[in-house]
1. What ranking of 99, 188 emerges when the number of other C-beta atoms within 10 Å of each C-beta is taken as an exposure proxy, fewest first?
2. Going by amide H atoms built from the backbone, whose H comes under 5 Å of the H on residue 103, apart from near neighbours?
3. Highest mean first, what order results for 145-157, 117-129 on Cβ atoms within 10 Å?
4. So what's the net charge close to residue 182: Lys and Arg +1, Asp and Glu -1, counting the other residues with Cβ under 12 Å from its Cβ?
5. Over 27 Å between C-alpha atoms is what I'm after, so list which of 72/190; 165/190; 110/190; 110/165; 72/115; 110/140 land there.
6. For region 90-96, take each phi angle, set θ = phi - 60°, evaluate the Karplus expression 6.51 cos²θ - 1.76 cosθ + 1.60, and give the result in whole Hz per residue in order, putting x for glycine and proline.
7. Please order 198, 183 by the number of other Cβ within 10 Å, starting at the fewest.
8. From the backbone phi of region 120-127, what are the Karplus-calculated ³J(HN,Hα) couplings (6.51 cos²θ - 1.76 cosθ + 1.60, θ = phi - 60°) in whole Hz, Gly and Pro given as x?
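Taken together, the values in this text are just the output of simple stated rules run on the coordinates, not laboratory data. All values derive from a computational prediction rather than experimental measurement. Note that we place each Cβ from the backbone using ideal geometry, even for glycine, and neighbour counts take in every protein chain shown.
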Amino acid sequence: MNDSTKKIIFTVLLGLPTLLIVWLLGLYFLGCGTNNSCTGISMPEMTPIPTLIAATLPAPKVGVEAAAAAPKCHINALNLIGAWVSAGYPEREPFNFTDAKGANCTGTFKDDVQKLFVTPNFWYDGAPACITCHYSDVAKATKNMDLSSYSGILAGSNRLNGAPKGNDILGGGNWADALLRKMLYAPDGKTEINRPPMPLGRPANVPAEGPLISAGIPPANTQVKP
């Protein structure tokens, strides 16, 4: 950049603020004179900022606050499965259960029971999901059993060569006789049938009926503490 160009840029940068100041002073003296009243300048009419109508409803709760405010039922995982089995293991219809505090609650397979089989770290920290070993390819799955879906659970275990039906694991609706209960009920980390408790690797300090979880909802007229 040569010197003449620098001079032009400098002149423009210096001249523009000077012209602006001169123009503003001219407006002031033309409109106000020396009395500082400025009555000679007509300001444009300004649109007033509308006043917001006061809210009459509380702000909606979101995130953690919403979860804390929602009524909840609490029950041990094994007891929830037992209530579902004892109710005839419905797929879509809700079933009733009594939670750990004695509240009458309602749950569903999809929202409450299925997650016990498909969610890792659910039964204990580091727990594999049941479907890690028991998945839809029953020809390869452990015990030829699929716990990933409603139909898979009802089809049972030992489905050799991918058979559509195997050995019932739900006791025909009698939870006390169900093989699933006998594999999951583990006081002091030991099952009643001398087989490793499920999920595999389950520590002895996990409650016999499994962890206490949030599940289901109370009736509309019942208040359950979170």
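1. 188, 99
2. Close amide H contacts, sequence-distant or interchain: none at all.
3. So the peptides 145-157, 117-129, ranked by packing, come out 145-157, 117-129.
4. +1
5. 72/190; 165/190; 110/190
6. Values per residue, Gly and Pro as x: x, 8, 10, 6, x, 10, 9 Hz.
7. Sorted ascending by nearby Cβ count, the order is 183, 198.
8. Ordered by residue, 3J(HN,Hα) equals x, 6, 8, 7, 6, 4, x, 5 Hz.
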